[in-house]
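J.: Structure incoming, see below.
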Amino acid sequence: MNSLTRRKFLVSTSLLSAAACLAPRSLFAESENIVLTARKRAETAEIAVQTLRGNITALIGSGGNIAVLTGPDGKLIIDSGYATSRARITDALAKLGPDPIKHLINTHWHFDHCDGNEWMHEDGAHILAHENTKKHLATSTRVEGWNFTFPPSPAGAIPGEVFPDEKTLHLNGATIALKYYGPSHTDGDVSAYFTEADVLHCGDTWWNGHYPFIDYSTGGNIKGMITAAESNLAKATEKTIVIPGHGKIGGKAELTEYRDMLVTIYDRVAALKKDGKSLDEIIAAKPTAAYDSKWAGSFITGDVFAKLVYDGA
Ligand SMILES: [Zn+2]
């Protein structure tokens, strides 16, 4: 190879690796598509039942964390997990009491939180969500970060009622305050706060102990994620039980640690970007290094998270 050819070769391979870095499919190292892999894994996933406070229980193990409020008005459920977990979720729900499923709230439109919508609706659930969640479920929606296009959901899976900002329910002796975050993890994230019990479900605005995915394709962004983390912190006292979209049930201390991680990494990446550094240079600078041992345990590595932050910095 002469020097000119060699130089062209080097330029073209570095462009290729830069392109590969930007290509959505390289976000995750899975050989199979991450959506298909996740659905398959859910077929055998065990569901753990964790009593939180009063008549509120968490079901953990099928996609996003599920919360259940039981009582004479019927079960109210927050997020429906994977459809492939139907049998295990049904068993877990039966152990919580005989009341039928009456209400389902979706924290946002992602498949690991809404895949079970259709069967829960079939079993009697009225589905409530933010208006953008309905919009994404009702049409074909692509998530670039997952290299996957979701077809429109079946009619039964689509929320029957939506709201633009907030909505308060009174069921089973509890007040359930639903509040829109604004664009954060997607453009349709809502929190659900059980007022008397002081239990807050944050959906995917909080990943306890894991770097979060941020879905830019449907309106999410890192700045909104930080704003949502601040809003969760503002709601939580030392006594509040906080349910993340993913990871263990926690509280104010873990929420604080998560917010600090987001802000520190955002500041580092934004400073490098402002200095004119490319995405590759920023990833090479390892802005997440100090956090990786704790937060990179799941499918979002430090490099993937650095890219997710870079996209919105
Ligand atoms: Zn999500």
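J.: Residue 221 is checked against (1) open to solvent by 30 Å² or more (accessible area, probe 1.4 Å); (2) under 30 Å from residue 69 (Cα atoms); (3) under 15 Å from the mean Cα position of the chain (by Cα) and fails just one. What number does that condition carry?
T.: In the conditions (1) open to solvent by 30 Å² or more (accessible area, probe 1.4 Å); (2) under 30 Å from residue 69 (Cα atoms); (3) under 15 Å from the mean Cα position of the chain (by Cα), residue 221 misses (2) alone.
J.: Could you grab me the full set of residues in segment 254-280 that are among the aliphatic types (A, V, I, L, M) and under 20 Å from the mean Cα position of the chain (by Cα)?
T.: Within segment 254-280, 255, 261, 262, 263, 265 meet the criteria.
J.: Moving on. Can you tell me which residues in segment 179-212 are polar (S, T, N, Q) and open to solvent by 10 Å² or more (accessible area, probe 1.4 Å)?
T.: Taking segment 179-212 as the starting set, the residues that turn out to be polar (S, T, N, Q) are 184, 186, 191, 195, 205, 208.
Once the filter is applied, which keeps residues that are polar (S, T, N, Q) and open to solvent by 10 Å² or more (accessible area, probe 1.4 Å), segment 179-212 yields 195, 208.
J.: In segment 256-274, is there at least one residue being within 16 Å of the ligand (Cβ to nearest atom) and either in a loop (DSSP other than H, G, I, E, B) or surrounded by fewer than 18 Cβ atoms within 10 Å (Cβ to Cβ) (or both)? Quick ask: steps written out before the conclusion?
T.: Kept after step one, since they are within 16 Å of the ligand (Cβ to nearest atom), are these residues of segment 256-274: 258, 262.
After this cut, where a residue has to be either in a loop (DSSP other than H, G, I, E, B) or surrounded by fewer than 18 Cβ atoms within 10 Å (Cβ to Cβ) (or both) as well, the list is none.
Within segment 256-274, none of the residues are within 16 Å of the ligand (Cβ to nearest atom) and either in a loop (DSSP other than H, G, I, E, B) or surrounded by fewer than 18 Cβ atoms within 10 Å (Cβ to Cβ) (or both).
J.: In addition: Does residue 136 fit the bill of being within 16 Å of the ligand (Cβ to nearest atom), open to solvent by less than 10 Å² (accessible area, probe 1.4 Å) and over 10 Å from residue 157 (Cα atoms)? Lay out the reasoning, then the answer.
T.: Details: within 16 Å of the ligand (Cβ to nearest atom): yes; open to solvent by less than 10 Å² (accessible area, probe 1.4 Å): no; over 10 Å from residue 157 (Cα atoms): yes.
When the stated conditions are applied, residue 136 does not pass them.
J.: Could you please let me know if residue 141 is open to solvent by less than 20 Å² (accessible area, probe 1.4 Å), touching a residue at least 24 places away in the same chain (Cβ under 8 Å) and touching a His at 6+ places or on another chain (Cβ under 7 Å)?
T.: Details: open to solvent by less than 20 Å² (accessible area, probe 1.4 Å): yes; touching a residue at least 24 places away in the same chain (Cβ under 8 Å): yes; touching a His at 6+ places or on another chain (Cβ under 7 Å): no.
Spelling it out, it is not the case that residue 141 is open to solvent by less than 20 Å² (accessible area, probe 1.4 Å), touching a residue at least 24 places away in the same chain (Cβ under 8 Å) and touching a His at 6+ places or on another chain (Cβ under 7 Å).
J.: List pairs: first residue in segment 43-63 and under 16 Å from residue 76 (Cα atoms), second residue modelled with pLDDT of 95 or more and among the acidic types (Asp, Glu) anywhere in the structure, Cβ distance under 9 angstrom, at least six positions apart or on different chains.
T.: 53/198; 54/196
J.: Return yes or no: is residue 152 within 14 Å of the ligand (Cβ to nearest atom), open to solvent by 20 Å² or more (accessible area, probe 1.4 Å) and not in a helix (DSSP H, G or I)?
T.: Details: within 14 Å of the ligand (Cβ to nearest atom): no; open to solvent by 20 Å² or more (accessible area, probe 1.4 Å): yes; not in a helix (DSSP H, G or I): yes.
The answer is no for residue 152.
J.: Assess whether residue 107 counts as being open to solvent by 40 Å² or more (accessible area, probe 1.4 Å) and of a type in the set (S, T, N, Q).
T.: Judged against the criteria, residue 107 is not a match.
J.: Quick check on this structure: which one of 300, 265 is at pLDDT below 95 and β-branched (Val, Ile, Thr)? Write out each step before concluding.
T.: Details: 265 fails: at pLDDT below 95.
The unique qualifying residue is 300.
J.: For segment 161-178, indicate whether the set of residues that are assigned to a loop (DSSP other than H, G, I, E, B), open to solvent by 70 Å² or more (accessible area, probe 1.4 Å) and under 25 Å from residue 312 (Cβ atoms) is non-empty. Outline the logic, then answer.
T.: In the first step, residues of segment 161-178 are kept if they are assigned to a loop (DSSP other than H, G, I, E, B); the result is 164-165, 172-173.
Next, only the ones that are open to solvent by 70 Å² or more (accessible area, probe 1.4 Å) stay: 164, 173.
Applying the additional criterion that residues be under 25 Å from residue 312 (Cβ atoms) yields 164.
Yes, the conditions are met somewhere in segment 161-178.
J.: Okay, moving on. Scanning segment 275-289 for residues that are assigned to a loop (DSSP other than H, G, I, E, B) and open to solvent by 70 Å² or more (accessible area, probe 1.4 Å), which turns out nearest to residue 208 (Cα to Cα)?
T.: Filtering segment 275-289 for residues assigned to a loop (DSSP other than H, G, I, E, B) gives 275-278, 285-288.
Remaining after also requiring open to solvent by 70 Å² or more (accessible area, probe 1.4 Å): 275, 277, 286.
Values: 275: 31, 277: 30, 286: 22 Å.
Selected residue: 286.
J.: With the structure loaded, tell me whether residue 223 is in a loop (DSSP other than H, G, I, E, B), more than 16 Å from the ligand (Cβ to nearest atom) and either of a type outside the set (S, T, N, Q) or under 23 Å from residue 111 (Cα atoms) (or both) or whether it fails that test. Lay out the reasoning, then the answer.
T.: Values: in a loop (DSSP other than H, G, I, E, B): no; more than 16 Å from the ligand (Cβ to nearest atom): yes; either of a type outside the set (S, T, N, Q) or under 23 Å from residue 111 (Cα atoms) (or both): yes.
Criteria not met by residue 223.
J.: Restricting attention to segment 48-79, report how many residues are at pLDDT below 95 and either open to solvent by less than 30 Å² (accessible area, probe 1.4 Å) or in a helix (DSSP H, G or I) (or both).
T.: Of the residues in segment 48-79, 2 are at pLDDT below 95 and either open to solvent by less than 30 Å² (accessible area, probe 1.4 Å) or in a helix (DSSP H, G or I) (or both).
J.: Mind checking which pairs have a first residue in segment 275-303 that is aromatic (Phe, Trp, Tyr) and a second that is modelled with pLDDT under 95 and open to solvent by 40 Å² or more (accessible area, probe 1.4 Å), Cβ under 8 Å, 6 or more apart or different chains?
T.: Pairs that qualify, where the first residue is aromatic (Phe, Trp, Tyr) and the partner is modelled with pLDDT under 95 and open to solvent by 40 Å² or more (accessible area, probe 1.4 Å), are 299/30.
The values are calculated or read from the model by the stated rules, or taken from the named source; none is laboratory data. The shown structure was predicted, so the numbers you read here are calculated from the model rather than taken from an experiment. Here the Cβ is made from the backbone with ideal geometry for all residues, glycine too, and neighbour counts use every protein chain on show. Only protein heavy atoms, including side chains, enter the accessible area calculation; ligands, DNA and RNA are left aside. Shrake-Rupley method; radii C 1.70, N 1.55, O 1.52, S 1.80 Å.
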